[in-house]
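Read the structure below first, then the notes.
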Amino acid sequence: MPSRCVVLLYHGMPKEVTGRFAKQLDILGQGATPVAADCRVPLQPLGDYVAVTFDDGLISFVDNALPELQRRRIPVTLFVVVGRLGAVPAWTRYSSETTWTSASSVPTGERMLTAEELKRLKGKVLIGSHSLTHARLADLDADKLEEEVEGSRRQLERIMGEDVTLFSFPYGAFSQEVLNHCHGYR
């Protein structure tokens, strides 16, 4: 019987749910072996494994999730929307009474990491691309798709100073053409 590996995908981690997240991690540790998303070693037959990932690059990942993961020595991959670093995430919905004019005025956990904050994660977190702007990749023409996929890789590699080999599809949506453009990623 083959081994099984589940990938858990999170986004932000507001402070008020950090306790529940910590309990989830404790339960995970009882039933599965945590592995990195780029795990390349053969997994033991009959083993249960889990890879923990976060999409987008929200500051709440660093503030609230990462300490819990590090405390338990659970490897994690952060998939970053590199073209939105330091910005308010466009896909986040805010109440009509609230307007934020810059990333610095957004409450903690509701803004994207800056390039400098991302650099500080080197060696602590595996970094992958989540595209340039979080576009629906299957809806783009070939030039825009190339920019989203390869442009994001080039920018992340420039920021991190290392190869970026992992990609997470925005909205989980892709097509055969999108897969073809992701050549070189794993």
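The values are calculated or read from the model by the stated rules, or taken from the named source; none is laboratory data. These numbers were taken from a predicted model, which means no experiment stands behind them. A quick note on method: Cβ atoms are made from the backbone with ideal geometry, for glycine too, and the neighbour counts reach across all protein chains shown.
What the table shows:
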read-out: Flag for PHE21 being of a type outside the set (Asp, Glu), closer than 20 Å to GLY172 by Cβ and part of a helix (DSSP H, G or I); value: no
read-out: Pairs where the first residue, in segment 31-49, is under 25 Å from TYR185 (Cα atoms) and among the hydrophobic types (A, V, I, L, M, F, W, C) and the second is in a loop (DSSP other than H, G, I, E, B) and modelled with pLDDT under 90, C-beta under 8 Å, 6+ apart; value: VAL35/LEU43; LEU43/SER3
read-out: Any strands (runs of 3 or more DSSP E) falling wholly within segment 43-155 and containing at least 3 residues that are within 18 Å of LEU25 (Cα to Cα) and at pLDDT 95 or above; value: 48-56, 76-80
read-out: Qualifying residue in segment 27-36 (condition: touching a Leu at 6+ places or on another chain (Cβ under 9 Å) and part of a helix (DSSP H, G or I)); value: yes
